[in-house]
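Scroll down for the structure; my scribbles are underneath it.
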Amino acid sequence: MHTATLDAEPKALTFAPAATALLVIDMQRDFLEPGGFGEALGNDVGLLRAAIGPCRDALAAAREHKVLVVHTREGHRPDLACAPPAKIARGDPAKRIGDDGPMGRILVRGEYGHDIIDELAPVAGEIVIDKPGKGAFHQTDLAQILQNRGIDTLIVCGVTTEVCVHTTIREANDRGYHCVALADACASYFPEFHRVGLEMIKAQGGIFGWVSDSAKFASALSAAAA
Ligand code: C5J
């Protein structure tokens, strides 16, 4: 299996592209466009758009070099049976999970707002994981899929840095994966949380992962292929 070396913090990471997956977390209209879950919680959804271009670059590199691509979507069954009442109860009482919004029912599977933004739409053959929680392993078949593919390294991008990206990296780190957050391809409604969230991952010698960026990921793959 050929390997690549990723320029990352706190130190470079050697990884095998064939044993690596790019995880694109929750790049859904519900978080990135007006009228969805993110805005219902009082956030400025425009702040997340900076991650779109870098996510597109990371996706292009992964697709070119045959790295497994996995997209996730946070959301719930139409009957909300998988949505904890404590989660539904949060935010503006007029705009809760399951309520009607301009993009359909908020954070409900099958609705327009629940789907991935056009710019990052999955291509045929890519895996899409629907997750009810913040972490991509909670109540999903992600662990089995990664095990079946022999994956040991996860390159993670998407939104939001300190919520679903962080929770997923923490879950994955405890399961033994090497996890890398691509800083420019993640974003938060709170720029300070984004910055500190990335600091937390790579602190203490990489307490639960590495931090790199989309250009370094692409060049690591190109260099290894050359
Ligand atoms: C949130 C997410 N922030 N995808 N979800 O509720 O980070």
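What follows draws every value from the coordinates through simple rules; no lab data is involved. None of the values given here were measured: they were computed from a predicted structure. For neighbour counting, all protein chains shown are included, and Cβ atoms are generated from backbone atoms with ideal geometry for every residue, glycine included.
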remark   = In nm, the gap between the two label points placed 7 Å beyond Cα toward Cβ at Ile207 and Lys66 is 3.9
query = With each label point set 7 Å from Cα along the Cα-Cβ vector, what nm distance links Ala81 and Thr14?
reply = 4.9
remark   = Comparing Val45, Val196, Val165 in a Gaussian network model of the chain (Cα, 10 Å), the one with the largest mean-square fluctuation is Val196
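If I take every Cα pair under 8 Å that is 6 or more residues apart in the chain, average their sequence separation and divide by the length, what percent do I get for the relative contact order? Kindly include the intermediate steps, with their values, before the conclusion.
Numbers: 481 pairs, mean separation 64.3, N = 226.
This gives 28 percent for the chain.
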inquiry  = At 0.36 nm per residue, and after removing the present C-alpha to C-alpha distance, how many nm does the segment from Ile145 to Arg195 gain when stretched out fully?
reply    = 14.9 nm
Ranked packing of 67-75, 118-126, most packed first, by mean Cβ within 10 Å = 67-75, 118-126
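Compute the FRET efficiency between Asp92 and Arg56 as 1/(1 + (r/R0)^6), taking r as their Cβ-Cβ distance and R0 = 25 Å, and round to the nearest 0.05. If you can, show how the numbers build up before the last one.
Numbers: r = 32 Å, r/R0 = 1.26.
Efficiency, rounded to the nearest 0.05: 0.20.
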query = What's the angle, to the nearest 10 degrees (0 to 90), between helix 52-64's Cα axis and the longest principal axis of the chain?
reply = 50
task = For a quick protection proxy, order the peptides 215-224, 176-185 by their average other-Cβ count within 10 Å, most packed first.
result = 176-185, 215-224
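Helix-only estimate, please: 222 nm mean residue ellipticity of the chain, summing -39500 (n - 2.57) across DSSP H runs of length 4 or more and dividing by its residues, to the nearest 500.
Details: 8 runs with 69 residues, N = 226.
Calculated at 222 nm, the ellipticity per residue is -8500 deg cm²/dmol.
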task = Report the label-to-label distance for Asp7 and Tyr112 in nanometres (one decimal), using points 7 Å from each Cα along the Cα→Cβ vector.
result = 4.3
key: Using alpha-carbon coordinates, inclination of helix 214-225 to the longest axis of the chain, degrees   = 40
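Take peptides 38-44, 49-55, 105-111 and line them up by average Cβ neighbours within 10 Å, highest first, as a rough protection proxy. Write out the running numbers ahead of the final one.
Numbers: 38-44: 17.4, 49-55: 19.4, 105-111: 21.0.
Ranked by mean Cβ neighbours within 10 Å, highest first: 105-111, 49-55, 38-44.
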query = Put +1 on the Cβ of each Lys and Arg and -1 on the Cβ of each Asp and Glu in the chain; which of Gly104, Cys179, Ala94 then has its Cα farthest toward the positive end of the dipole?
reply = Cys179
message = At 0.36 nm per residue, and after removing the present C-alpha to C-alpha distance, how many nm does the segment from Val123 to Ala225 gain when stretched out fully?
response = 34.5 nm
Filter on Lys95/Lys131; Lys66/Lys216; Lys87/Lys202 - keep pairs with C-alpha separation over 22 Å = Lys87/Lys202
key: Candidates Gly104, Gly150, Gly35: whichever shows maximal mean-square fluctuation once the chain is modelled as a Gaussian network with Cα springs under 10 Å   = Gly150
